[in-house]
Structures are given as structure tokens and as C-alpha cells.
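Worksheet: one structure, shown below.
The values are calculated or read from the model by the stated rules, or taken from the named source; none is laboratory data. Quantities reported herein were computed from a predicted structural model and do not represent experimental measurements. FYI the Cβ positions are ideal-geometry reconstructions off the backbone, even for glycines, and counts take in every protein chain you see.
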Amino acid sequence: MWPSDSSSNFDNSPVPDNPLVPDTPSAPDSPSRFSLGQLVATPSALSTLVYQKVSPWSLIRRHEQGDWGDLDEHDRQANEQALSNGTRLLSAYTLPDSTRIRVITEADRSATTLLLPEEY
């Protein structure tokens, strides 16, 4: 499960400088393109994000809005097709130290996972 400061849901109040708490809501002009399902992350991915001071929420927002990050054209096209045919969605983002984080939404849209490439 996704860590939280005070409860197991995402409705807790933001804590300053805590990268695990949403910093800003999604922009109203940038709607989600698909359902994320349950949000999960591997411990290694979370540790890396905390160390790099990158909010997991910023990556989740990019992913759900169709910003696939550092993918080649073939993978970008596969994601666009997945939006209509219901297959898996993959995004990849490069952090400031060049570590890559993947965000994967399952084909049935039941879950979205943040993980390191070696955990895939």
C-alpha cells in the first residue's frame, strides 16, 4: 500500500515538505485520461523518490494525463492504443540523478504501480 502520514487513505491534510503528500490538485483543464485504480508503490521506488525530493503525485498526475515521460515513439503509440483497447499503460520518468521510475497501470485499470525498472 501507499504510505500515509496519518491514515490509509489519500484525504489527509498536506504536510509541508513531505513528498508523499499531494502538493497541488490536478489542474481542471488537464483531466485524467483513464482510471488509475488502487495506487501502490514499491519500497525502493518510494525511497528513491523521497531521497530525490520528487513527489510521487507529480509522476502520477503526468501519467494519468497522458504525459508518458521518457518513452520512445513506439511505446507512446502503444499507450495511445491502450487507451482505446484496454491494455496496460506504461510511463517512464527520469529523476534528477538519472534514476528512472516506471508507472504502470494494469490493463483492467485496477491498479497503478510506481516501481524501479529492475523491479519490473
Legend entry - Residues (exposed (fewer than 14 other Cβ atoms within 10 Å of the Cβ), closer than 18 Å to S44 by Cα and touching a residue at least 12 places away in the same chain (Cβ under 8 Å)) located in region 95-110: P96, D97
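Every residue, every condition in (1) under 22 Å from P31 (Cα atoms); (2) touching a His at 6+ places or on another chain (Cβ under 7 Å); (3) surrounded by 15 or more Cβ atoms within 10 Å (Cβ to Cβ); (4) free of Cβ contacts under 8 Å to residues at least 40 places away in the same chain, yes or no:
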| position | (1), (2), (3), (4) |
| --- | --- |
| P43 | no, no, no, yes |
| T48 | no, no, yes, no |
| V54 | yes, no, yes, no |
| G69 | yes, no, yes, yes |
| Q81 | yes, no, no, yes |
| G86 | yes, no, no, yes |
| L90 | yes, no, yes, yes |
| Y93 | yes, no, yes, yes |
Inset, instruction - Can you confirm whether region 17-32 contains a residue that is touching a strand residue (DSSP E or B) at 6+ places or on another chain (Cβ under 7 Å) and either assigned to a loop (DSSP other than H, G, I, E, B) or modelled with pLDDT under 50 (or both)? - result: no
Legend entry - Any hit, region 61-69, residues being among the aromatic types (F, W, Y), closer than 22 Å to Y120 by Cβ and modelled with pLDDT of 95 or more: yes
